[in-house]
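The values are calculated or read from the model by the stated rules, or taken from the named source; none is laboratory data. All values reported here derive from a predicted model rather than from experimental measurement. So basically every Cβ, Gly included, is an ideal-geometry build from the backbone, and we count neighbours across all protein chains shown.
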Ligand code: KIV
Ligand code: NA
């Protein structure tokens, strides 16, 4: 069987062929995406797109473990990375290590992702030194939107841009194998990508990054919000709506189930 891609494989893609990433939360979706992707992220976006939460703050470690296990069962080839949820790593390196180790033991995934604002590099270095492959995440950090006010593109003024650049550089120096760059203008994405040795994975961060990621439910049209940076490759919401309408009509008209969909007892004989 084909070997699963590793953190080293992803890191080696810096400046080369674009790294193709998507999110996944369940086994059948992971199985369908696996052949096409280098990396599948079990994002804490699962809280919003699967569980109906208003933001990612309510996502728990238990949710990440369960969805991580499902994705690991579905994907054979892609590297699987699990998002560390809000509250599971910010208190300090030791808290982060304990929770990351739990996630890796219970899921078998090869890496974790942490949102890396100012001050996070110490934790990233601590984890990497102890054997945990870490993917960073800078720019728009969804777990901080309550403190910072909404989902807005970042780094439009130079003060904010240089803060994000230094977050990325610190995350890189700490040993992250890749860095997600979210919601920043093209110029800043270009500066970050040139400054760090790890491949940058963009979301709403232009084509200047070393790879791209989207929330799968967004690009499949299954989640009803479409920010400017999402390209819709399917309309699954529409497909489900049509199928459910047809089913409802058939049941109400007693057209479903038909004879071929029915079990019959053997004729006595
Ligand atoms: O939670 C998530 O899906 C993410 C990606 C969009 C990068 O963090
Ligand atoms: Na996330």
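Just one of 59, 42, 71 is within 16 Å of ligand 1 (Cβ to nearest atom), in contact with a helix residue (DSSP H, G or I) (Cβ under 6 Å, 6 or more places away or on another chain), at pLDDT 95 or above and closer than 17 Å to residue 177 by Cα; which is it?
Numbers: 59 fails: closer than 17 Å to residue 177 by Cα; 71 fails: closer than 17 Å to residue 177 by Cα.
Just a single option satisfies the conditions, and that option is 42.
When region 235-266 is examined, which residues are found to be surrounded by 12 or more Cβ atoms within 10 Å (Cβ to Cβ) and part of a loop (DSSP other than H, G, I, E, B)?
235, 256
Only one of 136, 87 is at pLDDT 95 or above, within 16 Å of ligand 1 (Cβ to nearest atom) and out of contact with any strand residue (DSSP E or B) (no Cβ under 7 Å at 6 or more places or on another chain); which?
Step by step, each of 136, 87 is checked, and only 87 is at pLDDT 95 or above, within 16 Å of ligand 1 (Cβ to nearest atom) and out of contact with any strand residue (DSSP E or B) (no Cβ under 7 Å at 6 or more places or on another chain).
Out of region 95-104, which residues are in contact with a helix residue (DSSP H, G or I) (Cβ under 8 Å, 6 or more places away or on another chain) and surrounded by fewer than 19 Cβ atoms within 10 Å (Cβ to Cβ)?
Of everything in region 95-104, those that are in contact with a helix residue (DSSP H, G or I) (Cβ under 8 Å, 6 or more places away or on another chain) and surrounded by fewer than 19 Cβ atoms within 10 Å (Cβ to Cβ) turn out to be 97, 102.
Got a sec? Which of 205, 176, 194, 189 is closer than 24 Å to residue 38 by Cα, in contact with a strand residue (DSSP E or B) (Cβ under 8 Å, 6 or more places away or on another chain), at pLDDT 95 or above and part of a helix (DSSP H, G or I)?
Going through 205, 176, 194, 189 in turn, the sole match is 189.
So, in region 128-146, of the ones that are within 16 Å of ligand 2 (Cβ to nearest atom) and in a helix (DSSP H, G or I), which residue ends up surrounded by the fewest Cβ atoms within 10 Å (Cβ to Cβ)?
Filtering region 128-146 for residues that are within 16 Å of ligand 2 (Cβ to nearest atom) and in a helix (DSSP H, G or I), the one surrounded by the fewest Cβ atoms within 10 Å (Cβ to Cβ) comes out as 146.
What residue, among those in region 98-127 that are assigned to a helix (DSSP H, G or I) and over 20 Å from the mean Cα position of the chain (by Cα), is nearest to residue 192 (Cα to Cα)?
For region 98-127, the residue satisfying everything is 121.
Could you tell me whether any residue of region 209-222 is within 14 Å of ligand 1 (Cβ to nearest atom), modelled with pLDDT under 95 and either at negative phi or in a helix (DSSP H, G or I) (or both)?
The answer is yes, given that some residue of region 209-222 is within 14 Å of ligand 1 (Cβ to nearest atom), modelled with pLDDT under 95 and either at negative phi or in a helix (DSSP H, G or I) (or both).
Pairs needed: first member in region 20-35, without any contact (Cβ under 8 Å) to a residue 60 or more places away in the chain and closer than 21 Å to residue 135 by Cβ; second member anywhere, within 14 Å of ligand 1 (Cβ to nearest atom) and part of a strand (DSSP E or B); C-beta distance under 6 Å; at least 6 residues apart or different chains.
30/40
Could you list, in sequence order, all residues of region 151-173 that are at pLDDT below 95 and either assigned to a helix (DSSP H, G or I) or within 16 Å of ligand 1 (Cβ to nearest atom) (or both)?
151, 152, 153, 154, 158, 159, 160
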